[in-house]
Amino acid sequence: MFSFQTIIDNLPVLIGSARYTLLISVLGCLEGLILGAVICAAALSHKIWLRRAAALYVSFFRGVPLLIQLLVAYYLLPVIGLNVPALVAAVLTVGFCAAAYLSEVLRGSLNAIPKGQAEAAAAIGMVPLDVWVRILLPQALKIGLPAIVNELILLVKASSLVTVVGIVEITRMSQSIAAATFRPLEIYLAAAFIYLAINLVIAQVGRVLERRLAV
């Protein structure tokens, strides 16, 4: 028989493990935005080698499953002398993967900005870096906000994969509790609703930001 008491008893522990889910997702998204902006700039560069390097990066990280990327990073970093905690390796890998997708979001957003704005900024003496940072990037982030929020939601769900490198986030914790209580249905349903609650909050925050930026 279905046991609500099992959910009630274990819900605090599952919610506590959500801090790692949120930490990995938020830091990964921030890293992805910063690195994605750099990759986007390279993709739009006049130098062909930068465009090819950006295209290769995007192709690799979009073409290889995140699970494989996590495993490669976890086992590769010690080989090259970087003995970092599993959490650091997970955040870096998630961020690198997110950057590939977010760079394409930013590139599409930049293409929606009238070219005359950059030309006008250059005409009044602004250097290319200032044009990028002060004129183009803020508008690209505003235009691409819905896609960026969607990427963060995807990262929250994808963060369940970091369990393979030993990080006790929601999925790993629910597996441990299910094995200990022999109540997998109740525990996994509780985990599902925690993921849903997190993503509903993110989506609502995104809608609020969209309304405010639209003013």
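The values are calculated or read from the model by the stated rules, or taken from the named source; none is laboratory data. Predicted, not measured: the structure shown is a model, and the values here were computed from it. Using ideal geometry, Cβ is built from the backbone for each residue, glycine included, and neighbour counts are taken over all protein chains shown.
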- For Ser103, state whether it is part of a helix (DSSP H, G or I), surrounded by 18 or more Cβ atoms within 10 Å (Cβ to Cβ), in contact with a Cys (Cβ under 8 Å, 6 or more places away or on another chain) and not aliphatic (A, V, I, L, M). yes
- Message: So, in the stretch 39-54, how many residues would count as being surrounded by fewer than 14 Cβ atoms within 10 Å (Cβ to Cβ) and hydrophobic (A, V, I, L, M, F, W, C)?
- Response: 2
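Output the residue which, of all residues in the stretch 172-188 that are in contact (Cβ under 8 Å) with a residue 40 or more places away in the chain and in a helix (DSSP H, G or I), is farthest from the chain's Cα centre (by Cα). Even if it seems obvious, please write down each step before you answer.
Taking the stretch 172-188 first, the residues in contact (Cβ under 8 Å) with a residue 40 or more places away in the chain are 172-174, 177, 181, 183, 185-187.
Now narrow it down to the ones that are in a helix (DSSP H, G or I): 172-174, 177, 181, 185-187.
Values: Arg172: 19, Met173: 21, Ser174: 22, Ile177: 27, Thr181: 33, Leu185: 28, Glu186: 28, Ile187: 26 Å.
Applying the filter and picking the extreme gives Thr181.
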- Test: residue in the stretch 157-167 that is outside any helix (DSSP H, G or I), farther than 30 Å from Leu106 by Cα and touching a Leu at 6+ places or on another chain (Cβ under 9 Å): yes
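Answer with yes or no whether Ile39 is modelled with pLDDT under 95 and either assigned to a loop (DSSP other than H, G, I, E, B) or touching a helix residue (DSSP H, G or I) at 6+ places or on another chain (Cβ under 6 Å) (or both). Working first, answer last.
Numbers: modelled with pLDDT under 95: no; either assigned to a loop (DSSP other than H, G, I, E, B) or touching a helix residue (DSSP H, G or I) at 6+ places or on another chain (Cβ under 6 Å) (or both): yes.
For Ile39, the condition - modelled with pLDDT under 95 and either assigned to a loop (DSSP other than H, G, I, E, B) or touching a helix residue (DSSP H, G or I) at 6+ places or on another chain (Cβ under 6 Å) (or both) - is not met.
Looking only at residues that are among the hydrophobic types (A, V, I, L, M, F, W, C) and surrounded by 15 or more Cβ atoms within 10 Å (Cβ to Cβ) in the stretch 55-66, which one is farthest from Gly28 (Cα to Cα)? I'd like the intermediate steps shown before the answer.
So in the stretch 55-66, the residues among the hydrophobic types (A, V, I, L, M, F, W, C) come out as 55-56, 58, 60-61, 64, 66.
Those left that are additionally surrounded by 15 or more Cβ atoms within 10 Å (Cβ to Cβ): 58, 61, 66.
Working: Val58: 16, Phe61: 14, Leu66: 13 Å.
Checked the stretch 55-66; the qualifying residue farthest from Gly28 (Cα to Cα) is Val58.
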